[in-house]
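This report refers to the structure that appears directly beneath it.
The values are calculated or read from the model by the stated rules, or taken from the named source; none is laboratory data. Model, not experiment: these values are computed from the prediction. Cβ placement follows ideal geometry from the backbone for every residue including glycine, while neighbour counts extend to all protein chains displayed. Side chains are part of the model used for accessible areas, which takes the heavy atoms of the whole protein and leaves out ligands, DNA and RNA. Shrake-Rupley method; radii C 1.70, N 1.55, O 1.52, S 1.80 Å.
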Amino acid sequence: MLRRVVRQSKFRHVFGQAVRNDQCYDDIRVSRVTWDSSFCAVNPKFVAIIIEASGGGAFLVLPLQKTGRIDKVYPTVCGHTGPVLDIEWCPHNDHVIASGSEDCTVMVWQIPENGLETALSEPVVVLEGHSKRVGIVSWHPTARNVLLSAGCDNQIIIWNVGTGETMINLEDMHPDVIFSVSWSRNGSLLCTACKDKKVRVIDPRKKKIIAEKDKAHEGARPMRAIFLADGNIFTTGFSRMSERQLALWKSDNMDEPICVQEMDTSNGVLLPFYDPDTNIVYLCGKGDSSIRYFEITDEAPFVHYLNTFSTKEPQRGMGYMPKRGLDVNKCEIARFYKLHERKCEPIIMTVPRKVSPFMSEFKSLRDRVILQDRRIARLEEQVAKVAM
């Protein structure tokens, strides 16, 4: 007799939960600019959100504990002369954030210890080198003061933030707009997705393309590509029939994908967020009202669907908390900051804790002690009444 065997995984029962309303950030005018970035960046101290601003570009920086309604006159970071398109916190300093804008510049900002008390318009450094708007900024994962920027001028520039100078300029590698750039785990390679439907693996030091795949996804809408911990590449995009797809590739041989899965026919760009510790990829579609998550393994079909977290409201953007900011005592493995039209809502991903026999025995004993205490309290009340 054949019996169906369920795949063993620690993360099969991961579930998402939105926080209470009083723990959200309300009355925030989230940016309406037509650019497929996440519009939100989070670290263990602050949440930064790109907002609508007249006369230039601005973003909010809020201490994590400042929940509730945000005053309309709350100070912003407002040094750009055009709308801000992308922001990212420095992984080595929780008070430093970089921003890219339509004004063709990249700016690096120092946020005070307790957050902003007045508007911040003077950046620590302005990085000028792009001739068109800058849509992507990304800090190097291991080297301090190294920042990457990619613009609509089809070039990637790697900066030394300490001196404000260009270290590496990767031009003539992309004939069209760059949709996404991802560092490898140790920062030695780059993976890019371009409007020409190619995914490229680049060695920035040698200024050389070491692998590329034409028509990784055949659809015309934007793709995303990220490096995984084992060096493989995970991509999201669209098929020729406009169905959303995800795919897994070997970075040293991209002739054929390890696997391809079709998802649905929605037209929102899928933003992938990857956790290298658990090997889980979270997919957040712009305009969707759900977060899908998948576990990547060495066994076929390699990308295993786990679950979907759904809410009623569509998301305008999404922030992803680094592991340092999670409450591991509550079995939290990921936390997202979902942007609505007028608010930011934290969503917590948790692995249910398996109750051991010791834990259940302890809980039973604790319940008996509580019951006994209540009985003693009632007896004392009765004795007191009789004495009166």
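Percent of C-alpha pairs per 5 Å bin in the range 1-155, short distances first: 2, 9, 17, 20, 17, 12, 8, 5, 4, 3, 2, 1, 1, 0, 0. Distance from the Cα centre of the range 1-78 to that of the range 295-326, in angstrom? The range 1-78 and the range 295-326 have Cα centres spaced 14 Å from each other.
Which net charge results for the neighbourhood of Q372, defined as the other residues with beta-carbon distances under 12 angstrom from its beta-carbon, given Lys and Arg at +1 and Asp and Glu at -1? Provide the component values of the computation, followed by the final result.
Working: positive: R366, R368, R374, R375, R378; negative: D367, D373.
So the environment of Q372 carries a net charge of +3.
Shape analysis of the range 189-324 yields a ratio of the Cα radius of gyration to the Kirkwood radius, Rg/Rh, of 0.95.
When the convex hull of the C-alpha atoms of the range 1-71 is computed, what volume per residue in Å³ does it have? The partial results should precede the final answer.
Numbers: hull volume 12.0 nm³, N = 71.
Cα convex hull per residue, to the nearest whole number: 169 Å³.
Treating r as the C-beta distance of D373 and Q65 and R0 as 45 Å, the FRET efficiency rounds to 0.85.
Sort R324, R244, R335, R133 by accessible area with a 1.4 Å probe, largest first.
Values: R324 135, R244 5, R335 35, R133 75 Å².
Greatest to least solvent exposure: R324, R133, R335, R244.
All C-alpha pair distances within the range 248-388, sorted into 10 Å bins from zero, spread as 9, 26, 23, 15, 11, 8, 5, 2, 1, 0 percent across the bins. Spacing of the modelled spin labels on R144 and K207, each 7 Å from Cα toward Cβ, amounts to 2.9 nm.
Put K197, K250, K206 in order of accessible area, highest first, and with a 1.4 Å probe you get K206, K250, K197. The simple spin-label model puts a point 7 Å past each Cα toward its Cβ; for V73 and N232 those points are separated by 5.5 nm.
If amide hydrogens are placed 1.01 Å from N in the peptide plane, which non-local residues have theirs closer than 5 Å to the one on N154? It is I178, by chain and number. For the pair R20 and D214 in one chain, pulling the backbone fully straight at 0.36 nm per residue adds 65.3 nm over the alpha carbon distance. The sum of -39500 (n - 2.57) across all DSSP H runs of n ≥ 4, divided by the residue count of the chain, sets its helix-only mean residue ellipticity at 222 nm to -3000 deg cm²/dmol.
Please list, or write none, the aspartates and glutamates whose alpha carbon is within less than 20 Å of the alpha carbon of K385, excluding same-chain residues fewer than 8 places away. K385 reaches D373. Taking the longest Cα principal axis of the chain as reference, the axis of helix 357-387 is set at about 40 degrees.
Panel values: the chain, Kirkwood radius from alpha carbon pairs, Stokes-Einstein at 4 °C and 1.567 mPa s, translational diffusion coefficient 57 µm²/s. Near G57, within a Cβ-to-Cβ distance under 10 Å, what is the net charge of the other residues, with Lys and Arg +1 and Asp and Glu -1? That works out to -3. Accessible area per residue for the range 15-353, computed on protein heavy atoms with a 1.4 Å probe, is 42 Å².
A simple spin-label model places the labels of E256 and H13 3.9 nm from each other, with each point 7 Å out along Cα-to-Cβ. If you take the square roots of the eigenvalues of the alpha-carbon gyration tensor of the range 88-239 and sort them as a ≥ b ≥ c, do you get rounded (a/c under 1.5), prolate (a/b over b/c) or oblate? Prolate shape, in that a/c is at least 1.5 and a/b is the bigger ratio. Given their separation in residues at 0.36 nm each and the Cα-Cα distance between them, T166 and A384 gain 70.3 nm when the chain is fully extended. Carbon and sulfur together cover what percent of the accessible area of the chain at a 1.4 Å probe radius? Roughly 49 percent of what the probe reaches on the chain is carbon or sulfur.
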